[in-house]
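Every number in this text was worked out from the coordinates using simple rules, so none of it is lab data. It should be emphasised that the depicted structure is a prediction, and the values quoted were computed from it without experimental measurement. Every residue, glycine among them, receives a Cβ derived from its backbone with ideal geometry; neighbour counts consider all protein chains shown.
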Amino acid sequence: MTIDKIERTIREFSEAGKKMFATSSFQTHSIPLLHIISQIDSTIPVYFINTGFLFAETVAYKNEIADRLQLNILDTTPVVTKAEQKDRMGRFFFASDPDHCCFLNKVQPLEPVIAKHDVWINGVRADQTDVRKSFKDIEQVRSNFVRFHPMLDWTKQDIYRYIRENNLPRHPLDMLGYSSIGCEPCTHKPRFDDDERNSRWFGLKKTECGLNTTLINKEESR
């Protein structure tokens, strides 16, 4: 989707009285969309899903971007405390049940945000996973709520071209070879033959945290 079309779509939502929000993991590939939003309407709330397991570099990068782009950034935090996020053996769920860990730290905290809005601006790209490849630019999730995917047809090359052209900073761990950066326990530096998402949940048949799968299904069933 071109920048002009992204702007036109956001303005159409606004003129229709739709309450919008965006989410961001504040990785390098997140920054073009955040920059575009800042140029269109910097009052749109951007939710930073702060799981409490993130790299310190991610939090610092978020603060840098917030200051630079003057965005309206809000944190979501888990309802369930870290002390309660352990199995019967005393292991954190990220080690024994990563799907449940993602639910507690990402999906559940976003549910009340969705309940208060009409449009979720989400920066997923079709070239990231098979799940995302099946998405449309605008997904009608339920009768009064849609997901807008403005970056769906952008490629990794498009992302880095935009960053260079607009002189935007990259995530410090990206500079060290991390291609997809999530929670620290579930992120590793990929090998030379790994694709972008293989640096997450290494060794598991898992490529999504639930924000683009479980949460969608839950909303559709309401």
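Tell me the label-point distance for the pair Gln70, Ala56, using the 7 Å Cα-to-Cβ offset, in nm and rounded to one decimal.
3.1
Can you pull the one-decimal nm distance between simple spin-label points at Gln140 and Glu84, each 7 Å off the Cα toward Cβ?
3.8
Per residue, how big is the convex hull around the C-alpha atoms of the chain? Give it to me in cubic angstrom, could you? Kindly include the intermediate steps, with their values, before the conclusion.
Values: hull volume 28.0 nm³, N = 222.
Hull volume normalised by residue count: 126 Å³.
Round to the nearest 0.05 the FRET efficiency obtained for Asp97 and Asp130 when R0 = 22 Å and r is the Cβ-Cβ distance. Mind dumping the intermediate values first?
Numbers: r = 23 Å, r/R0 = 1.04.
My answer for the efficiency is 0.45.
What distance in nm lies between label points placed 7 Å from Cα along the C-beta direction at Glu12 and Val113?
Each label point is offset 7 Å from its Cα along the Cβ direction, giving 2.5 nm.
Using 0.36 nm per residue of separation minus the Cα-Cα distance, give me the extension gain between Arg170 and Lys189 in nm, one decimal. If you can, show how the numbers build up before the last one.
On the way: separation 19, 0.36 × 19 = 6.84 nm, distance 1.60 nm.
Extra length from Arg170 to Lys189 when fully extended: 5.2 nm.
For the chain, calculate the relative contact order in percent as a whole number, restricting contacts to Cα pairs under 8 Å that are 6 or more residues apart.
Reported relative contact order: 22 percent.
Under 37 °C and 0.692 mPa s, how fast does segment 117-191 diffuse according to Stokes-Einstein, given a Kirkwood radius computed over C-alpha pairs? Answer in µm²/s, whole number. Each step should come with its number before you reach the end.
Values: Rh = 14.4 Å.
After rounding, the answer is 228 µm²/s.
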